[in-house]
Amino acid sequence: GPEIELKDAEGNVIPDGGAITNPDITFKIKEGTEKSDFSGIKEISIYKDSLNNSPYTTPKTLNGELEYIYIVRNEVYHLPGTPILPDGEYYARAIDMAGNERVSQFTVDTTDPDTSNIVVSPEPCGTNPTVTAKAVDSLTNISAAEFYIDSDTTTTPMTASDDAFDEKEETVKGV
């Protein structure tokens, strides 16, 4: 079946299932070494949220091209000032001339996590406070947390209460 390689705006490869904060991405699709009735790319499409939905984009018909660079900002209609792809889970789907398909999933997440339950102790804190909070992201796992006091721009890293940043909801603590 076809091969799909996703790259972000800086040219870094996005792994299958990866998350990006800038939806200005490029797909490189390759299939076969010789154009024929059963080799080459037949169609490329993008789906949002589920492959069971209608395609998010009009499928691109290629009729047997062996390689194609799909530049999302040029292929996806979007109004000026609106995101190329809004936040969500997406599937890039390529079908070859023989009907084999390959799907690569990625998530666009441009929205910062929400924080709540912020507690600073002791109260009033003076110096060396302990800060705890709850961080929640609706699309991707929390990967780090930090805090700063007043207008000081020096940040203090926080740790996950379970010692691993690996969930969409984390309780964090910093000293």
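The values are calculated or read from the model by the stated rules, or taken from the named source; none is laboratory data. Keep in mind the model is a prediction, meaning the values are calculated, not measured. Counting neighbours? That spans all protein chains shown, and the Cβs are built from the backbone with ideal geometry, glycine included. Only protein heavy atoms, including side chains, enter the accessible area calculation; ligands, DNA and RNA are left aside. Shrake-Rupley method; radii C 1.70, N 1.55, O 1.52, S 1.80 Å.
What chymotrypsin sites (Phe, Trp or Tyr not before Pro) does region 36-88 have in DSSP loop regions with at most 13 other beta carbons within 10 Å?
Details: sites: Phe38, Tyr47, Tyr56, Tyr68, Tyr70, Tyr77; in loops: Phe38, Tyr56, Tyr77.
When the chymotrypsin sites (Phe, Trp or Tyr not before Pro) of region 36-88 are filtered for loop state and at most 13 Cβ neighbours within 10 Å, Phe38, Tyr77 remain.
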Leu66 and Asn52 label points (each 7 Å along its Cα→Cβ direction) are spaced in nm at 3.9
Phi-derived 3J(HN,Hα) across region 157-174 with the Karplus relation (6.51, -1.76, 1.60, θ = phi - 60°), rounded Hz, x for Gly and Pro, is x, 10, 10, 7, 4, 9, 6, 8, 7, 8, 9, 6, 10, 9, 8, 10, 9, x
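Determine the per residue accessible area of the chain with all protein chains present and a 1.4 angstrom probe, expressed in square angstrom.
Values: 10490 Å² over 175 residues.
Value returned for the chain: 60 Å² of accessible area per residue.
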Ordering 154-161, 85-92 by per-residue average of other C-beta atoms within 10 angstrom, highest first, gives 85-92, 154-161
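For the ranges 15-21, 131-137, what's the packing order if you count other beta-carbon atoms within 10 Å of each residue, average per peptide, and put the highest first? Mind showing how you got there, number by number?
On the way: 15-21: 14.3, 131-137: 18.0.
With the highest mean Cβ count within 10 Å placed first, the list reads 131-137, 15-21.
Sort 162-173, 109-120, 24-35 for me by packing, meaning the mean count of neighbouring Cβ atoms within 10 Å per residue, highest on top. Write down the numbers at each step before the final one.
Values: 162-173: 14.3, 109-120: 12.7, 24-35: 17.1.
Highest-to-lowest ranking by the protection proxy: 24-35, 162-173, 109-120.
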Carbon plus sulfur, as percent of the 1.4 Å-probe accessible area of the chain, comes to 46
Site Lys35, offset 7 angstrom along Cα→Cβ, radius 12 Å on amide nitrogen, limited to region 59-95, gives 62-67
For Lys134, counting only aspartates and glutamates whose alpha-carbon sits under 15 Å away and dropping same-chain residues fewer than eight positions off, the answer is Asp112, Asp114, Glu146, Asp162, Asp163, Asp166, Glu167, Glu169, Glu170
